Amino acid sequence: MKKRFLSLILLVLVVVSGFAQEINFSGELNTMWGVAAPWTTNAGDFVVGSTDFTGTLEAWQGDGTLIFEGNASYDALQNQLNLDLGEAFIDYADSNWGFRIGNHKVVWGKADGINITNSVFPEDSTSLFTDDSSLSVTAAKFSISGNTYNIDALWIPFFRGTDLPLEEGSPLRNAMIPSQVAIPMVGSIPVQIGNLQTPELALKNGEYGLKLSGYFSLCDVSLYGFYGWDKMPLMNYSLVFSNPPIPDAIKIDGEYSRLTMFGLDAAFPIGATVLRLESAYFPNKKMQASAGTIISGGETGICQHEVMALAGLDWMPSGWTITAQYYCDAVLNKSDNLERKDAFNHGATLSISKSFLQDTLELSLSGLVGLNDFDSALTLGGKYSLSDQIKLSAGTYVFLPGPNEDGTYGKLKDLSTIYIKAQYSF
């Protein structure tokens with residue numbers, strides 16, 4: 001794989017240098033190290049230790065652009081080197097139409113850190129500490145534009161799901177998936193991770209998206225439609241026997257289900273602030289059934305109608321950036337056999353940052369609270385620019401359980417981290 005990756009880079013460099021009118025190469029080197037916070041059960045243990053380099057090649061020829069981005073990352077905790085093709089696409093833009101073909105990131109919606117309409121695209125969920133979790137997809141996009149509108153039609157022939165923390169030794173896997181579960185009258189048995197069955201590679205299994213955007217004096221509005229696959233798999237739980245009737249383990253496999261989404265967003269400038277609204281509707285979405293239902297012979301997914309929505313406010317006075325959001329997720333006519341315990345989930349986010357010392361120092365505070373269990377996630381950090389190329393950061397991630405139950409973020413409480421980070425860009 002590494003040889004093929006390096007050969008591809010060499011081929012791109014040769015082809016681009018022969019045909020491009022203008023070429024630009026830029027890159028970024030990041031290293032981040034963090035230990036579990038003093039109040040966690042594993043205080044002082046390394047939680048993150050990663051170094052990654054991203055290089056981006058841009059070439060122009062007339063109205064066409066070629067973008068090639070490659071990433072090499074080393075995870076010191078797992079002693080693992082990963083090579084990844086980030087974006088690699090050809091883009092053509094005329095005065096009223098254009099297209100983009102290849103590997104590129106597609107980002108829908110106006111939410112900040114909360115996926116509403118953008119939940120139909122894959123993301124990297126293997127780490128809590130990435131600044132950009134969106135993943136590229138191999139897609140063809142055709143665009144038509146005017147002074148007040150833009151239309152994007154999207155075809156994704158090859159499926160890519162969200163990257164999940166299933167690797168052995170991953171701190172996030174240990175926090176999210178128990179190593180053992182208790183079975184009545186049997187006791188504790190180990191958990192085995194099986195396979196994720198992806199959709200068959202065929203034309204009929206392609207994904208399609210449509211985005212219609214209008215730009216007006218009072219507001220910007222976008223409408224969305226998507227037909228494809230859920231990027232999160234439905235998990236199947238089965239008991240493993242070597243000597244019935246006593247099980248030896250419980251095995252977790254997964255498969256992906258079809259997904260339809262209709263969405264909209266709008267942004268209204270109100271003086272020095274911007275009001276953002278976003279909503280998505282998922283008709284007959286297959287949602288995860290509970291483990292007990294599946295082991296008892298039930299289906300892994302139960303069809304439900306789901307609605308997600310968000311309202312946010314952005315305010316940027318001198319040197320400050322303040323963002324507040326409220327979001328909700330509702331399942332209509334919820335089945336008692338679903339894995340999620342509440343038909344209505346909601347929460348709020350707040351982000352505040354301030355620049356000092358002629359914009360060389362930035363202090364930031366952001367938080368998210370789940371209003372069902374009152375669990376929360378908090379990030380406090382500072383970034384100092386030694387130069388235009390070199391930046392140093394330090395801060396902490398804090399995950400707090402609710403007063404009665406852990407909640408989504410409380411399960412991560414032992415991943416509360418104090419970190420340092422260095423970045424060099426050119």
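The values are calculated or read from the model by the stated rules, or taken from the named source; none is laboratory data. Bear in mind the structure is a predicted one, so any value in this text is a computation, not a measurement. With ideal geometry, Cβ positions are generated from the backbone for all residues, glycine too; neighbour counts draw on all protein chains shown. Heavy atoms of the whole protein, side chains included, go into the accessibility calculation; ligands, DNA and RNA do not. Shrake-Rupley method; radii C 1.70, N 1.55, O 1.52, S 1.80 Å.
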Next item on the list: Starting from segment 325-344, keep only residues that are without any contact (Cβ under 8 Å) to a residue 60 or more places away in the chain and charged (D, E, K, R), then list their pairs with residues that are surrounded by 15 or more Cβ atoms within 10 Å (Cβ to Cβ) and part of a strand (DSSP E or B) whose Cβ atoms are within a distance under 6 Å, requiring at least 6 positions of separation or different chains.
Entry: 329/308; 329/345; 339/288
Item checked: Subset of segment 367-426 (residues that are modelled with pLDDT of 95 or more, under 20 Å from residue 178 (Cα atoms) and open to solvent by 60 Å² or more (accessible area, probe 1.4 Å)) -> 400
Next item on the list: Tell me, please, whether a residue that is over 30 Å from residue 270 (Cβ atoms), open to solvent by 40 Å² or more (accessible area, probe 1.4 Å), without any contact (Cβ under 8 Å) to a residue 24 or more places away in the chain and not hydrophobic (A, V, I, L, M, F, W, C) can be found in segment 201-212.
Entry: yes
Item checked: Residues being of a type in the set (S, T, N, Q) and surrounded by fewer than 20 Cβ atoms within 10 Å (Cβ to Cβ) - total across segment 98-117 -> 1
Check: With respect to the numbered conditions (1) in a strand (DSSP E or B); (2) under 25 Å from residue 26 (Cα atoms), which one is the sole condition not fulfilled by residue 359?
Finding: (1)
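Before we move on, is residue 251 at pLDDT below 95, more than 21 Å from residue 370 (Cα to Cα) and of a type in the set (D, E, K, R)?
Here the answer is yes, as residue 251 does meet what is asked.
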Notebook entry, point to check: Checking residue 135 against (1) touching a Pro at 6+ places or on another chain (Cβ under 6 Å); (2) under 26 Å from residue 250 (Cβ atoms), which test does it fail?
Noted result: (2)
Checklist line | Checklist (1) surrounded by 13 or more Cβ atoms within 10 Å (Cβ to Cβ); (2) farther than 19 Å from residue 106 by Cβ; (3) touching a strand residue (DSSP E or B) at 6+ places or on another chain (Cβ under 6 Å); (4) of a type in the set (Ser, Thr, Tyr) applied to residue 222, failing item | finding: (2)
Next item on the list: For segment 312-321, enumerate the residues that are assigned to a strand (DSSP E or B) and either modelled with pLDDT under 95 or open to solvent by 40 Å² or more (accessible area, probe 1.4 Å) (or both).
Entry: 313, 315, 320, 321
